[in-house]
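The values are calculated or read from the model by the stated rules, or taken from the named source; none is laboratory data. If you're wondering where the values come from, they're calculated on a predicted model, not measured in any experiment. Heads up, the Cβs are rebuilt from the backbone with ideal geometry, glycines too, and the neighbour counts pull from every protein chain shown. Just the protein is used for accessible areas: all its heavy atoms, side chains included, with ligands, DNA and RNA removed. Shrake-Rupley method; radii C 1.70, N 1.55, O 1.52, S 1.80 Å.
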Amino acid sequence: MKLLNHYLPVLVLLAMTACGSSDDSDQRSSVLSRAISTDPESLDIHKARSLQALDVLRDLGEGLVSHTASGELTPGVAESWEMADDGLSYTFHLRADAKWSNGDPVTAADFSFAVKRLKEPATGAFYAQFLSDVTSLEALDDQTLLISLAQPTPYLLSLLTHPATFPMHAGGFAEHGERFARPGNLVSNGAYALEAWVPGSLLTLKRNPHYWNNANTAIDEVRHLVLVQESTQLARYRAGEIDITSTVPSENFAETRKQFGEQLHIAPYQNVYYYGYNLTRPPFRDKPKLRQALSMAVDREVLVDKVLGRGETPAYSWVPVGVNDYVPTVFSYADLTQDERNQIARRLYKEAGYSDENPLDVEIRYNTSDTHRAIAVAVQSMWRDALGFDATLVNEEFQVLLANMKARELTQVFRSSWVGDYDDAHTFLSVFLSDSPSNVPGYSSDEFDDLMLRASQQVDADLRRVYLEEAERVLLEDHAVIPLYFYVSKHLVSPRVEGWGDNFLDYHYSQHLSLKAAD
Amino acid sequence: MMRYALHRLLWAIPTLLLVIVLAFLMVHAAPGGPFDDERAPHPDVLATVEASYHLDEPLPQQLGRYLYGLIQGDLGPSFRYPNYSVSELIGHGFPASLKLGALAMLLAVLVGVSAGTFAALRQGSLTDRAVMSFAMTGISIPVFVVAPVLVLLLAVKLHWLPAGWSGSAGAAKYVLPVITLALPQIAYIARLTRASMIDVLGRDFIRTARAQGLGTRSIIRVHALKPAMLPVLSYMGPAIAAILTGSVVVEQVFGIPGLGASFVQGALNRDYTLVLGIVIFYATLIIALNLIVDVLYGVIDPRVRQQ
């Protein structure tokens, strides 16, 4: 009994902590909790660069054009628009009732102000080149915006859904300067306004009562919880503390699928997983046959079925299947069986000057992750079986890999991926323009550049598509990269959430969702 | 005593300076930079951004600039979070780590010292062995195993406690992280206390006290506890510093916005200033706590004062 004296403080402590957990069960019915896998680096539309920051910004702001729950384009701040016959200008008509979270009207000038800052080099915006084809943005009056283009940009509407092209509240910027996007300062024009932000933990968004479509916004409060570990997301989902996960752990995936059934949402996603070659150095410089041999010897069906098994699809093209108004060109060998591919691959490998006596000596670099390692091991063994050489696997921390990719000195084969920025083949193909900063392999083809240029000059959508498809054919024939598979988006969505739409962009605006009343 | 403390304090300055310079050189030597990304920005944009953080200057100049800012108490802007300064981020992260750490340490000392003393008094008995086996288990099972198991059992299966921190209301969210953090400390402190207590109980002055007819309770409380606490105390300095600056694993498993997670994410993101800021903060804390422990030593053990 005397021992109790020792433990009394501890018991008091535990009793204290066990009490106050009942305070928000009443509100739970109108609060949506969703996980994001990293903290947004900034809610400044021009400083944000991670997919997670963009996800939060899509709740806070709205561009001229927006998306439906299923990812279709729909009017946003603009209620209608017309394109000029030559495709070189668009006139947007803004809603009279579009308002900022402080009640001010959203005007055409707010858009021209924002785009000016986006393009200003001093801003240092990561998406500064995003609107490089836009020559001017002119506010004809408060509700009319004229956008002029250097060349027809059929994906302009899709670009205008991107947070980098959202409007800015000029008054807020004038008052707070670069600190305008902090909690307490941020004036936003979307369905929600920023209530609080605890870095590394939680962003709380509250309904923006001035939003033009407020009447159709069901959920009052949205919490974006920063949960870095996939297993933590799963645990909190299972404990009923979050309604939507941003991903699902790859371990025990089959079990998760069995346990959650309909709650597990898997959908094709605009993201390609690929192995890039360093095209600027031996052994791959000027060796298209060798590059083709390596590409053909990878059994992509085995990768997606045996190694991944979550619904991913094998990639025989660079542009993912599902991109708006586009039919990806596929490798000419896509119809062959893997045995047939391996035979040709062996021949090409020999023609490139390699043999069992003189095997290729090559390194595969990938960043730390169980999935990346499993893929690398599988590819290594496929190359060994089909071509008879042993690739060396080099695991690097992500920033080290990026630095090596950029330097193009050490890298030979590297793992990477590309997520689309907008729903158009251009966001994928433009990576390989000779002057693209994201062209890590160092691909440079006059023919490809020329086809891309021609595509950008077409007003006619069908003709443009033909040029893009032709550009992709050139890219694939040059074997600049080995596309391995197309990602799927993976979410657990609570049965109490309604209005969820699986879509190729993997955008899920909170304003489209609603919550079933508690039973 | 004052002179001793002052002496130690003065030594802290060059120590800290050395830590800062080494840390500065190390973060800058790591390959990759804070603005590298799969979707590379335009070279002009990258140059502008890097210049705005003075990354285009030679390293010694950057170091000088950093130290100059530091003297004025400025830890610089975060490279990863352009809207936050490093001081703000530490200011956000530290309170959570502090609260958790303080509660965990309190729990660890109370339970650890009691269990250790309890076991020491019954040396060799079954209770002793049970307590020590528990302590051994507590030390050996890593936190990244304990935490998910506790979550699975108490949050997912039984729904007694929240599984995570962010978005959970009330103080219940403290329970699992505090227990997880405290477990290995309880175990360690229990073992330290037991060993030290057994040693002290065998000393002559305790025998004298017994011969004078004092009961076990007052012998422990009046005579044995203080000297037996000395090893525990010297362990506590660095342990408190470590626990207060946050456990990466506990913070990531429970989603707590503490300094540990910021430090690791900062290192992965090459957020030079954030990493440096936390290193400096941590180093200062360790130096300060060690100093406090040394002073307390003098309070508890008069012999130290006289030396």
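Among the residues of the range B:44-81, write down those that are among the polar types (S, T, N, Q) and more than 21 Å from A:Leu43 (Cβ to Cβ).
B:Gln61, B:Gln62, B:Gln72
Select the helices (runs of 4 or more DSSP H) contained entirely in the range B:81-183, then report the ones holding at least 3 residues which are among the hydrophobic types (A, V, I, L, M, F, W, C), open to solvent by 20 Å² or more (accessible area, probe 1.4 Å) and within 12 Å of another protein chain (Cβ to nearest Cβ).
B:86-121, B:143-150
What residue, of A:Asp39, A:Asp55, A:Asp59, A:Asp24, is touching a strand residue (DSSP E or B) at 6+ places or on another chain (Cβ under 7 Å), modelled with pLDDT under 95 and open to solvent by less than 70 Å² (accessible area, probe 1.4 Å)?
After applying the criteria, what remains is A:Asp39.
Please go through the range B:35-60 and pick out each residue that is more than 9 Å from every other protein chain (Cβ to nearest Cβ) and in contact with a Lys or Arg (Cβ under 7 Å, 6 or more places away or on another chain).
B:His54
Tally up the residues in the range A:291-316 that are among the hydroxyl-bearing types (Ser, Thr, Tyr) and crowded, with 22+ Cβ neighbours inside 10 Å, please.
Within the range A:291-316, residues that are among the hydroxyl-bearing types (Ser, Thr, Tyr) and crowded, with 22+ Cβ neighbours inside 10 Å number 1.
With respect to A:Ala122, is the statement that it is in a helix (DSSP H, G or I) and more than 14 Å from every other protein chain (Cβ to nearest Cβ) true?
The answer is no for A:Ala122.
Select from the range A:119-137 the residues that are surrounded by 14 or more Cβ atoms within 10 Å (Cβ to Cβ) and among the charged types (D, E, K, R) and write down the one among them that is farthest from A:Asp44 (Cα to Cα).
The selected residue is A:Asp133.
Any chance the range B:61-75 includes a residue that's more than 30 Å from B:His223 (Cα to Cα), within 10 Å of another protein chain (Cβ to nearest Cβ) and assigned to a loop (DSSP other than H, G, I, E, B)?
no
Within the range A:388-494, which helices (runs of 4 or more DSSP H) (wholly inside it) include 3 or more residues that are of a type outside the set (Ser, Thr, Tyr) and within 13 Å of chain B (Cβ to nearest Cβ)?
Filter on the range A:388-494 gives A:398-407.
Looking at A:Asp339 and the list (1) more than 20 Å from A:Asn503 (Cα to Cα); (2) acidic (Asp, Glu); (3) at pLDDT below 95, which single condition is not satisfied?
Against the list (1) more than 20 Å from A:Asn503 (Cα to Cα); (2) acidic (Asp, Glu); (3) at pLDDT below 95, A:Asp339 comes up short only on (3).
Among (1) at pLDDT below 90; (2) of a type outside the set (Phe, Trp, Tyr); (3) closer than 30 Å to A:Gly420 by Cα, which single condition is B:Ser78 missing?
Against the list (1) at pLDDT below 90; (2) of a type outside the set (Phe, Trp, Tyr); (3) closer than 30 Å to A:Gly420 by Cα, B:Ser78 comes up short only on (1).
Residue-wise test of (1) of a type in the set (Asp, Glu); (2) open to solvent by 20 Å² or more (accessible area, probe 1.4 Å); (3) more than 14 Å from chain A (Cβ to nearest Cβ).
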| site | (1), (2), (3) |
| --- | --- |
| B:Thr216 | no, yes, no |
| B:Val249 | no, yes, no |
| B:Phe254 | no, no, no |
| B:Gly266 | no, no, no |
| B:Asn269 | no, yes, no |
| B:Phe281 | no, yes, yes |
| B:Leu296 | no, yes, yes |
